[in-house]
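Here's the structure, in structure tokens; my notes come after.
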Amino acid sequence: MAPLSILPGRVRFEDRRLIGNGALSRHIEAKLCGTDGVNLVSVSHRTGRILVQFSEERISRDNLTHIIREMFSIDPSLMESKNKAMTAIPEKTSGLFRGQILADMALHMLLPAPFDLLLPAVGSAFRRGQPIAVTP
């Protein structure tokens, strides 16, 4: 595990052991939130990244890195508890995910298909550049 990005009071780590491991991600996030000097923690089991915003007056970046490394070695049972399948749709999907599916379905129903499928003659006439005769 190495820091990807370092800014004053902000550091981002990446570790492949987090990918697909929601239990370990939640464990690390909970422990870091309780650490003195840590202001914000975001741990993603999808990307394997940890973002920490902290007060440099209260905790050093090296100390924070040491704490995170210790968390990976403390509880080996969390290391093995991977999610059932990384590609499966979660049983409890978020509202945003459900909203995206609903929006996609609505767009597919409301938007017309390409003109070639609706009116093949119109589509081919436009390609050839010929005027279309419209009879009332």
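Here, each number is a calculation from the coordinates, and none is a lab measurement. None of these values were measured; they are calculated from a predicted model. Glycine gets a Cβ as well: all are built from the backbone with ideal geometry, and neighbour counts include every protein chain shown.
For segment 47-66, the candidate set comprises residues that are in contact (Cβ under 8 Å) with a residue 40 or more places away in the chain and closer than 19 Å to Asp15 by Cβ; within that set, the residue that is nearest to the chain's Cα centre (by Cα) is Arg49. Could you list, in sequence order, the residues of segment 32-47 that are surrounded by 15 or more Cβ atoms within 10 Å (Cβ to Cβ) and in contact with a Leu (Cβ under 6 Å, 6 or more places away or on another chain)? Listed by number, the residues that qualify are Val38, Val41, His45.
Across segment 1-38, the number of residues qualifying as closer than 13 Å to Ile67 by Cα and of a type in the set (Ser, Thr, Tyr) comes to 1. Looking only at segment 10-25, which residues are within 13 Å of Leu51 (Cα to Cα) and either surrounded by fewer than 15 Cβ atoms within 10 Å (Cβ to Cβ) or among the charged types (D, E, K, R) (or both)? Listed by number, the residues that qualify are Arg10, Arg12, Glu14, Asp15. The residues in segment 1-28 that are among the β-branched types (Val, Ile, Thr), farther than 16 Å from Leu40 by Cα and touching a strand residue (DSSP E or B) at 6+ places or on another chain (Cβ under 6 Å) can be counted, and the count is 0.
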